[in-house]
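Written out below as structure tokens is the structure these notes cover.
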Amino acid sequence: MMDEKTTVSAETDGQPSQAVYLYGLIRTGTVVDLPAVELLAVGDVAAAFERVSAVEWSGPAAEANLQDSAWLVSHACRHGEVVSALNARSAVLPVRFGAIFTSERVLEEFLETHVNEIIPFLERIDGHEEWSLKFFLQADQASAWLLAMDPELSLRQQSLSETPGKRYFQEKQLLAAVKKKVLQSAQNQAQRIIEALCLLGKDSHPLRLQASANPGYEMIAHEAWLLPEANVQTFCDQIQHLQEEVAEQGLVIEWSGPWPPYSFAPALGESSP
């Protein structure tokens, strides 16, 4: 049902009633004691999977399930819990929600095809954690700070006309100038902070901006970081210090982790049927 899926036939005479749901790829020999989760090893790589109903995950039933919020939330939560548990036990290549294979043999062939991508990834992330870094602009706070600190904008504000019509247009021009400068200043600060943190991370890259759940806050930068475990505490301490520095400027930093390393995982089998 997602990038890595293999089409599953519905249950009919001669067709399997079960399919294989893939959670993630780990090193062979990793102990996984999770309910209903099994391992299929191919050389140095093992697939953590669960047997599921072929009918539930294919054809019209699958399409209906994807429209059922209760079903979707339940299964997505199950997926997230298993992948997080794998991540806590071992280096893992997490697979996104909905990766279905018709049988263990098909999954085994998939592992054989991609083993040369899987093993280098597991070696690369061993001893590392993925962390998320988000930057939000609180526009009202940032505008008030800028008007107080920027001499040119402060003078323009103090020099607004007493004539209502003229003052209205001057205020619109001033607000537009403040908005533009606030965003530019916040983006520059975010970039400065990202550059200051670079020495602590093995890798980082930008992620899609998201809508903020807090009114008045706008996300202006979103980064995924791959950190050596030894650097995580220093990373968090530095962000806390930098947040205190920029708080009055209306820049809010949120950081969270560790997460399964989805952001750095290779996209296996995207072109497969």
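The values are calculated or read from the model by the stated rules, or taken from the named source; none is laboratory data. Because the structure is a prediction, the values reported are computed rather than measured. Glycine also receives a Cβ, built like all others from the backbone with ideal geometry; neighbour counts cover every protein chain displayed.
Annotation note: of PRO94, PRO120, the sole residue that is loosely packed, with under 15 Cβ neighbours inside 10 Å, under 16 Å from ALA47 (Cα atoms) and within 22 Å of the chain's Cα centre (by Cα) is PRO120. Does VAL82 satisfy the criteria of being at pLDDT 95 or above and either closer than 24 Å to LEU226 by Cβ or loosely packed, with under 14 Cβ neighbours inside 10 Å (or both)? For VAL82, the condition - at pLDDT 95 or above and either closer than 24 Å to LEU226 by Cβ or loosely packed, with under 14 Cβ neighbours inside 10 Å (or both) - is met. Counting only residues that are touching a residue at least 60 places away in the same chain (Cβ under 8 Å) and either touching a Gly at 6+ places or on another chain (Cβ under 6 Å) or closer than 15 Å to LEU197 by Cα (or both), region 231-255 holds 6 of them. Only one of the listed residues (VAL73, VAL115) is closer than 13 Å to VAL45 by Cβ and either within 21 Å of the chain's Cα centre (by Cα) or part of a helix (DSSP H, G or I) (or both). That residue is VAL115.
Check region 218-232 and report whether any residue there is out of contact with any strand residue (DSSP E or B) (no Cβ under 6 Å at 6 or more places or on another chain), aliphatic (A, V, I, L, M) and under 24 Å from TRP145 (Cβ atoms). Within region 218-232, not a single residue is out of contact with any strand residue (DSSP E or B) (no Cβ under 6 Å at 6 or more places or on another chain), aliphatic (A, V, I, L, M) and under 24 Å from TRP145 (Cβ atoms).
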